[in-house]
Every structure is written in C-alpha cells, then in structure tokens.
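Chemist: Could you have a look at this structure, given as structure tokens, before my questions?
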Amino acid sequence: MQVDSFRFLPRSFLPLYEDARPIDGEGDPVWAPFTRRLADACIALMTSAGLSQEGAQEPFDLDGERRQPTWGDPSHRVLPHRDCGPLVMSHLHVNPTDILADGNVALPVDALDDLVASGRVGRAAPAHVSVMGYQEAGLTVWRDVTAPTIVELFRAQGTDGVVLAPV
C-alpha cells in the first residue's frame, strides 16, 4: 500500500516537494537486513519530534528555523530510556500539545517496554535519540555529522534495530 503523505502538506509546501528527485548517487533505498531474532534484540527508538530534556539539555534551535524557514536544526539529543524528566518539544511544524501531554506519542517507550515484558523484544536500548524533523536545507550536516554520530551511539550501546517514530 502506498501512502500519499503529500496530501497532508499545506498547499504552500507543495512546490518544495512535487518535483523532488533523489540526490545523485542516492537513488536506491538504504536497507540493512535484520538478522537477529527480535526476541533477542536490543531496540532503540528515534523520533523526529525535536524532544530534549527540560533544564538538562539545550533545546533545538527554533530561532534559526524562524530566520530560515527551510532550515531545521541538524543536531540530535540523547534521551535515556527511563527517567529523563520533563521534555521540551522544539518543532515549528508540529503542534506539541499531545506529545507533551504524553511523550509516548512521539517516543513510545511504554510500548517498547510492553514488547520487552511480553518477550517479543529482547531488551530496550539504554538511550534513544530525538532529532528535529524538517531537514530540507540541513542534509549535508545531517549526512556528514549527525547520522554517523547517532549510528556510533547505537552501535556502542549494542543496539540491533531502531524503530523510527516520525511526527
């Protein structure tokens, strides 16, 4: 089944995406086989909600995005699996009300814990990652710095798979 996500975009965004083409040399999807049994695997979560720990981490740069509406902060925040305290959401393109009322909307740690408790997933990763979605103009930094740093974090903590939670 194909999902037409473009129908949910504001009309003013359509010109940005209607003729989008892959970057030269990046036409094929990036996939990696998942060879481990899920019941034995360590799973991390990654959200594009722009979440950070209130008072403990610098929020994502909303001022930069306000100045340059096609730019998104390409940095990331590491969120501990449990007890990360209150969250701040920094994302100009998403209404934060539901996510701040229940962080599981964007970072489903309770669902992951249920899967671990039922034996369907081996264990939850000790830390998860939040990024700011909408990276239209920040892809170079994302490709060269952010993504490799996140991959290294996941490898260092023994993560076998990542569930992407886009908002």
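The values are calculated or read from the model by the stated rules, or taken from the named source; none is laboratory data. Remember, it's a predicted structure, so these values are computed and weren't measured experimentally. Don't worry about glycine lacking a Cβ; one is built from the backbone with ideal geometry, like all the others, and counts go over all protein chains shown.
Chemist: Is it the case that segment 16-32 has a residue that's touching a helix residue (DSSP H, G or I) at 6+ places or on another chain (Cβ under 9 Å) and at pLDDT below 70?
Modeler: yes
Chemist: Here is a check on your reading of the model: is LEU107 closer than 21 Å to ASP61 by Cβ and touching a residue at least 12 places away in the same chain (Cβ under 8 Å)?
Modeler: When the stated conditions are applied, LEU107 passes them.
Chemist: I've got another one for you. Here are some residues: VAL94, VAL88. Which one is farther than 26 Å from ASP160 by Cβ, assigned to a loop (DSSP other than H, G, I, E, B), of a type in the set (Val, Ile, Thr) and in contact (Cβ under 8 Å) with a residue 12 or more places away in the chain?
Modeler: On inspection, the qualifying residue turns out to be VAL94.
Chemist: For THR97, only one of the following conditions fails: (1) hydroxyl-bearing (Ser, Thr, Tyr); (2) loosely packed, with under 12 Cβ neighbours inside 10 Å; (3) in contact with a helix residue (DSSP H, G or I) (Cβ under 9 Å, 6 or more places away or on another chain). What is its number?
Modeler: Only one criterion is unmet by THR97, namely (3).
Chemist: Go through the residues of segment 88-102 one by one and say whether even a single one is within 30 Å of ARG36 (Cα to Cα) and either in contact with a strand residue (DSSP E or B) (Cβ under 6 Å, 6 or more places away or on another chain) or aromatic (Phe, Trp, Tyr) (or both).
Modeler: We begin by selecting, within segment 88-102, every residue within 30 Å of ARG36 (Cα to Cα); these are none.
No, that holds for no residue.
Chemist: While we're here: Give VAL121, VAL167, VAL116 a once-over and let me know the one that is modelled with pLDDT under 95, surrounded by 14 or more Cβ atoms within 10 Å (Cβ to Cβ) and in contact with a strand residue (DSSP E or B) (Cβ under 8 Å, 6 or more places away or on another chain).
Modeler: Step by step, each of VAL121, VAL167, VAL116 is checked, and only VAL167 is modelled with pLDDT under 95, surrounded by 14 or more Cβ atoms within 10 Å (Cβ to Cβ) and in contact with a strand residue (DSSP E or B) (Cβ under 8 Å, 6 or more places away or on another chain).
Chemist: Considering each of SER118, SER48, SER130, SER90 in turn, give the residue that is more than 17 Å from the chain's Cα centre (by Cα) and among the polar types (S, T, N, Q).
Modeler: Details: SER48 fails: more than 17 Å from the chain's Cα centre (by Cα); SER130 fails: more than 17 Å from the chain's Cα centre (by Cα); SER90 fails: more than 17 Å from the chain's Cα centre (by Cα).
Every option except SER118 fails the conditions.
Chemist: Could you check, for segment 150-161, whether at least one of its residues is surrounded by fewer than 18 Cβ atoms within 10 Å (Cβ to Cβ), in contact with a Pro (Cβ under 7 Å, 6 or more places away or on another chain) and either without any contact (Cβ under 8 Å) to a residue 60 or more places away in the chain or among the polar types (S, T, N, Q) (or both)?
Modeler: Checked against the condition, which is being surrounded by fewer than 18 Cβ atoms within 10 Å (Cβ to Cβ), in contact with a Pro (Cβ under 7 Å, 6 or more places away or on another chain) and either without any contact (Cβ under 8 Å) to a residue 60 or more places away in the chain or among the polar types (S, T, N, Q) (or both), segment 150-161 yields at least one hit.
Chemist: If I go through segment 33-59 residue by residue, how many of them are closer than 23 Å to VAL88 by Cα and modelled with pLDDT under 90?
Modeler: Within segment 33-59, residues that are closer than 23 Å to VAL88 by Cα and modelled with pLDDT under 90 number 0.
Chemist: Moving on to the next point. Could you list, in sequence order, the residues of segment 14-63 that are loosely packed, with under 14 Cβ neighbours inside 10 Å, in a helix (DSSP H, G or I) and free of Cβ contacts under 8 Å to residues at least 60 places away in the same chain?
Modeler: Selection gives LEU14, PRO15, TYR17, ASP63.
Chemist: Search segment 64-85 for residues being assigned to a loop (DSSP other than H, G, I, E, B) and without any contact (Cβ under 8 Å) to a residue 24 or more places away in the chain, and hand back the single one that is farthest from LEU153 (Cα to Cα). Spell out the reasoning first.
Modeler: Step one: filter segment 64-85 for residues assigned to a loop (DSSP other than H, G, I, E, B), giving 68-75, 81-85.
Those left that are additionally without any contact (Cβ under 8 Å) to a residue 24 or more places away in the chain: 69, 83.
Values: PRO69: 29, ASP83: 19 Å.
Result: PRO69.
Chemist: I need the full set of residues from segment 135-149 which are surrounded by 16 or more Cβ atoms within 10 Å (Cβ to Cβ) and under 15 Å from MET46 (Cβ atoms), in order please.
Modeler: Scanning segment 135-149 gives GLN135, TRP142, THR146.
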